[in-house]
Amino acid sequence: MKTLIKIYLCLLFMAGFGINLQAQESIEENIKNARAAFANIASKDAYTDNLAHVDMNILPIGLSKSINNVKITIAITQAAINAKNGYTEFDVYALAETSKNDSLLFGAKGIKLSYEGDIVGDAKLVLLKDKEIHISGDNVILRLLGSFEKLTGEMNGNLTYLEIDCQGFKSLGLAAEVELSKKLCSPVTNEGKPDTAAKARVIGKFQTQVTRFSSVQSASNWAMVFCNFG
């Protein structure tokens, strides 16, 4: 009996490990494809000034604008016509760059564009994976929450996303965790006593939405976006 339990637990572990590994590979593959699309667009200078003017015979195509020193490039990589419902579905990526070494990558599948040139419903691109920003060493970790599995254009309100319209950037929805080191704040147990576990840290969560980026110069300055918007 004990042997059967051990075998069962081992199989569960292997199955879980396999799923997590597959998900990670899918995330990395999607990021690789996105960056390849942006490189392709840049090399061919394949940009438009409005997503409503996209020629589906020439993909990928991009739209690039700078907002408060943040360069935002949107790339349409695939398109499929839905003649029955009168719209075209696009696969879309967005790259927000504050410097050559710092960026956020978003994506969504099935963004709908009507034949009249209007986006149908919300066009929210999900942050492809979590982004950690270390402030003052490891004293503060700002973690923007993202997920490949939610790459559908549908938001559950718990992920970081970039919303677009035909002119480009519309708003940024932030879902984040702030993790504080024990030097700044000490966690406590349910009994109100200090938690002495080595990995125990105070973590707070928040959500907000901004309609413009502030001036950002480096990776750690992404935190300032949350404080300097209006």
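Read-outs throughout are calculated quantities, based only on the coordinates presented, and are distinct from any laboratory measurement. Keep in mind the model is a prediction, meaning the values are calculated, not measured. Using ideal geometry, Cβ is built from the backbone for each residue, glycine included, and neighbour counts are taken over all protein chains shown.
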Amide H contacts of residue 165 (H built 1.01 Å from N, under 5 Å, at least 5 apart or other chain):
170
Mind ranking 61-73, 159-171, 183-195 by how tightly packed they are, going by the mean number of other C-beta atoms within 10 angstrom, highest first?
159-171, 61-73, 183-195
Amide H partners (placed H, <5 Å) of residue 67, local residues excluded
72
From the backbone phi of the stretch 69-74, what are the Karplus-calculated ³J(HN,Hα) couplings (6.51 cos²θ - 1.76 cosθ + 1.60, θ = phi - 60°) in whole Hz, Gly and Pro given as x?
6, 10, 8, 10, 10, 10
Using the Karplus curve 6.51 cos²θ - 1.76 cosθ + 1.60 with θ = phi - 60°, work out ³J(HN,Hα) for each residue of the stretch 173-179 in order, rounded to whole Hz, and write x for Gly and Pro.
x, 10, 10, 9, 10, 10, 9
Could you go through the stretch 158-170 in sequence order and give the Karplus-derived ³J(HN,Hα) for each residue, using 6.51 cos²θ - 1.76 cosθ + 1.60 with θ = phi - 60°, rounded to whole Hz, and x for Gly and Pro?
10, 10, 7, 9, 10, 9, 10, 10, 5, 8, x, 4, 10
For the stretch 112-131 and the stretch 62-108, compute the distance between their C-alpha centroids and round to whole Å.
9 Å
How do 120, 54, 126 rank when sorted from fewest to most other Cβ atoms within 10 Å of their own Cβ?
120, 54, 126
